[in-house]
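Have a look at the structure below, then the notes.
Read the figures in this text as sums done on the coordinates, not as results from a lab. The structure presented is a predicted model; accordingly, all values stated were derived computationally and were not measured. Here Cβ is always computed from backbone atoms with ideal geometry, including for glycine, and neighbour counts include all displayed protein chains.
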């Protein structure tokens with residue numbers, strides 16, 4: 001029985017991984033099309049209908065390119081670093097619940113790869129190891145731009161991980177658990193305030209935490225306006241300046257997978273995940289994630305880039321105190337307020 | 001006035017001798033780098049991300065344009081001026097042509113002068129649009145660059161309608177214009193003037209009050225007025241520091257004294273002020289173009305008729321013997337201006353663009369010197385860069401608004 | 001059960017290999033990579049012991065923050081400035097060996113007494129399940145029985161933070177930058193430094209239409225002729241003819 005469950009889990013994980021890889025490819029298409037629309041351009045439209053085959057063409061092109069290792073690179077580290085980034089990126093999706101269990105062929109198939117009781121912390125931990133792909137890649141390239149990109153990335157990820165983690169503490173306090181299943185279950189309750197009937201989504205009870213999470217998540221995934229590690233106008237391409245071919249594409253793909261995972265996480269933690277006004281299901285989560293992904297692209301089209309010191313100042317002087325304030329307030333409410341409600 | 005006796009000269013050699021200590025990193029930015037606007041190379045000494053020393057290295061696009069000028073006949077050099085500051089070609093033409101006209105003592109007819117002004121102001125707009133787009137792109141605002149290039153296309157369309165070329169226009173001729181103005185051109189320009197203020201508003205909506213833009217530009221790259229004067233800065237770099245100097249006002253050429261416009265001056269001298277000044281300059285340019293379109297006579301000669309220096313009209317060449325002979329001489333041998341030397345400056349989109357010509361009475365200049373504004377303005381980069389962050393460097397290069405073709409010549 | 005032992009052995013072996021790598025590698029970054037490897041395997045061992053919270057915290061704190069900082073510093077420091085780790089100094093080798101053996105003995109003693117005495121702690125499987133899991137149990141223990149210790153640790157960390165901030169005040173940078181600046185400054189009339197506040201806006205006093213609000217509280221002055229505002233000795237003192 002145990003073996004069976006394990007196999008089912010592996011199967012679900014396999015399917016999820018492939019769906020994620022396909023989604024990621026089309027995320028690049030989505031970003032390019034939306035960005036083009038925002039900039040009075042057309043975007044990719046030559047390869048297949050609406051340019052839908054463009055990601056595949058890009059993929060083939062990148063895979064076929066020469067894999068160049070610079071002469072003064074730290075060879076082994078240089079070769080392994082992008083794999084590290086790429087391999088860690090999709091793991092976060094393993095703990096996101098995509099719905100109730102399915103019953104097929106007499107088997108119970110959970111729409112969740114691993115039900116870990118510290119799921120959210122697990123995602124944070126993945127993020128903190130994921131930064132090694134960037135640091136080591138930047139260090140091993142033997143290029144000063146790469147080194148600067150890696151240094152920036154290190155400082156940025158450490159600072160924003162703190163904000164990311166602390167912004168979630170309010171949710172943990174309200175839900176009383178680190179498990180995404182519990183957090184989701186808690187959000188499916190209905191909140192009745194006077195004449196209003198609202199879902200108990202944490203975006204309503206934790207708006208500050210939601211805003212902080214969103215900002216920190218953008219920084220954590222190295223996206224505009226926090227894309228300093230790869231700021232192309234200053235550092236050429238930051239930590240992956242020296243990479244080419246499929247190793248370059250690994251960094252690229254890792255970034256997009258991270259975006260998708262963070263969007264799914266935001267959808268699950270703050271806006272009820274699979275919960276919708278009618279016909280609950282994975283499509284609601286997909287819709288919410290799509291909105292967050294659109295938000296990413298929107299930011300990139302609109303905002304200039306922060307400067308390094310401003311970025312750090314924002315994290316430590318603004319976001320961190322706000323996150324602490326949020327924790328304090330939530331704690332007080334939890335201590336005295338729950339009884340009153 | 002500023003007390004210059006209090007000033008000490010710049011000692012650039014000392015800057016170069018700042019050898020990096022162990023805590024510092026020397027970063028070679030360029031000549032192949034996405035945001036050095038061409039082939040500028042900057043040798044940066046960094047401590048962490050703070051710039052300790054900044055040493056621009058130029059010359060990667062040096063083509064010896066000044067020397068070429070000393071081996072071409074006067075009229076042959078006009079296309080070469082296109083290729084110095086290639087994003088604002090007509091203004092370069094204008095500077096050179098006006099210098100030669102001053103040397104020969106001729107003047108283009110009123111109608112041609114108005115059209116020269118219109119084209120020069122359109123050039124200023126086109127150049128400022130390239131500046132705004134790349135400057136915003138350097139600071140990370142991706143979309144603005146596409147909007148500005150979209151609107152620049154309209155100006156290039158006008159150029160194309162006017163002279164057939166879009167980038168290196170070779171538009172101005174010594175003595176005026178030898179071809180008639182296309183009849184639909186005034187309406188095209190008017191249409192553009194109606195449209196463009198909305199476009200400026202669009203850029204401003206994206207940038208002017210954007211907190212990140214403010215954080216990246218306010219208080220960055222401050223040049224005090226006296227420092228700006230001492231460096232010999234001109235254009236928006238000087239006016240951003242609050243010094244009132246605009247060649248169009250100070251030494252009016254063409255018919256700039258007949259149109260009303262204001263010269264915007266900054267109050268803090270930082271990157272943001274130079275941004276505001278250039279944005280306001282675009283508005284003032286539209287004002288100038290509109291007034292020119294009102295005042296320009298609808299017909300009349302476009303070319304000066306000076307027997308020695310100007311190419312004769314095509315019709316006369318075909319019908320009269322004298323003009324046919326003069327045309328032959330003009331084309332084969334060139335014209336010989338009087339002996340002497342002359343300097344003429346115009347307000348280019350980047351600052352004071354001056355042409356200095358020494359004539360020995362032969363059809364070829366004895367010496368030709370271009371005072372290109374970006375070359376002079378670029379010298380303020382080390383001053384602004386010291387103590388700035390690495391990311392500020394791209395903002396500072398952008399705010400100077402350099403075109404390497406003009407810096408290196 | 002045998003599977004668990006197998007996995008544990010594998011993890012333990014890789015962890016020890018990583019630790020060896022830390023000591024043997026000549027490149028400090030490679031050492032750090034070895035240490036991360038070791039830490040990750042230890043985290044996995046925690047997972048086998050069903051201490052998920054501990055495992056995740058191990059990854060976040062040690063692999064994700066401490067070693068990242070180590071790598072950060074290593075990359076910043078010039079390779080020549082690093083101390084020589086691999087010199088053949090007999091005293092160091094002996095000290096290292098003695099300390100290492102002592103540590104090994106301590107750990108062995110602790111493990112042996114624990115497994116020999118075999119006395120179960122208060123947190124039996126049933127007790128853990130009763131409060132809702134390992135994580136909850138850990139939280140309850142830490143924040144009730146060890147409250148004082150937690151507070152003291154927090155105080156210690158706070159002191160360390162303050163100390164770090166005091167140490168890292170950016171004086172060293174600004175001195176050198178200021179020195180470099182002095183070389184470049186042309187006019188002595190307006191010396192400038194890093195810490196000078198933004199100067200107050202300087203505006204022409206008369207004339208109404210000549211000051212135009214441009215953006216973010218910043219005005220733009222519109223000069224109508226070349227003779228205006230030409231005699232300004234310094235910032236803030238605008239004169240009109």
Checklist outcome for this item: Averaged over the residues of B:260-271, the number of partner chain Cβ atoms within 10 Å of each residue's own Cβ comes to 6
Item to check | Rough spin-label spacing in nm, given labels placed 7 Å along Cα→Cβ, for residue B:255 and residue B:306 | outcome: 1.9 nm
Next on the checklist: Running a GNM on chain B with Cα contacts under 10 Å, which residue among B:90, B:264, B:301 ends up with the highest mean-square fluctuation?
Outcome noted: B:301
Checklist entry - Against the longest principal axis of chain B, how steep is helix B:142-163, in degrees 0 to 90 to the nearest 10, with axes from Cα atoms? => result 10 degrees
Checklist outcome for this item: One finds the C-alpha centres of region B:172-194 and region B:222-265 to be spaced, in Å, by 27 Å
Checklist entry - Rounded to the nearest 0.05, what FRET efficiency is calculated for residue C:129 and residue C:48 with R0 set to 30 Å and r the Cβ-Cβ distance? => result 0.95
Checklist entry - Rounded to the nearest 0.05, what FRET efficiency is calculated for residue B:294 and residue A:40 with R0 set to 25 Å and r the Cβ-Cβ distance? => result 0.20
Next on the checklist: Run the helix sum for chain A: -39,500 (n - 2.57) per DSSP H stretch of 4+ residues, divided by residue count, reported at 222 nm to the nearest 500 deg cm²/dmol.
Outcome noted: -20500 deg cm²/dmol
Checklist entry - Taking the highest mean first, how do the peptides B:383-393, A:180-190, C:53-63 order by number of other beta carbon atoms within 10 angstrom per residue? => result B:383-393, C:53-63, A:180-190
Next on the checklist: Averaged across B:209-216, how many Cβ atoms of other chains sit within 10 Å of each residue's Cβ atom?
Outcome noted: 6
Checklist entry - Taking Cα pairs under 8 Å and at least six residues apart, what relative contact order does region C:1-87 come out at, in percent? => result 25 percent
Item to check | Nearest 10 degrees, 0 to 90: helix A:245-270 Cα axis against chain A principal axis | outcome: 10 degrees
Item to check | Distance (nanometres) between label positions extended 7 Å along Cα→Cβ at residue B:343 and residue B:362 | outcome: 2.5 nm
Checklist outcome for this item: Note to self: C-alpha centroids of region A:210-273 and region B:101-122 sit apart, in Å, by 54 Å
Next on the checklist: Taking a virtual spin label 7 Å from the Cα of residue C:92 along the C-beta vector, which residues in region C:21-48 bring their backbone nitrogen under 20 Å of it?
Outcome noted: C:21-35
Checklist entry - Quick one: length gained pulling residue A:244 to residue A:295 fully straight, 0.36 nm per residue minus the C-alpha distance? => result 15.5 nm
Checklist outcome for this item: With R₀ set to 25 angstrom, the calculated FRET efficiency between the beta-carbons of residue B:191 and residue A:47, to the nearest 0.05, is 0.10
Checklist entry - Other chains' Cβ within 10 Å of B:275-286 residues: what's the mean? => result 2
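Going by average Cβ density within 10 Å per residue, which order do the peptides B:124-132, B:224-232 take, highest to lowest?
Ranked from most to least packed, the peptides come out as B:124-132, B:224-232.
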Checklist entry - Order of A:64-74, C:215-225 by packing, highest average Cβ count within 10 Å first? => result C:215-225, A:64-74
Item to check | Rough spin-label spacing in nm, given labels placed 7 Å along Cα→Cβ, for residue B:202 and residue A:334 | outcome: 4.9 nm
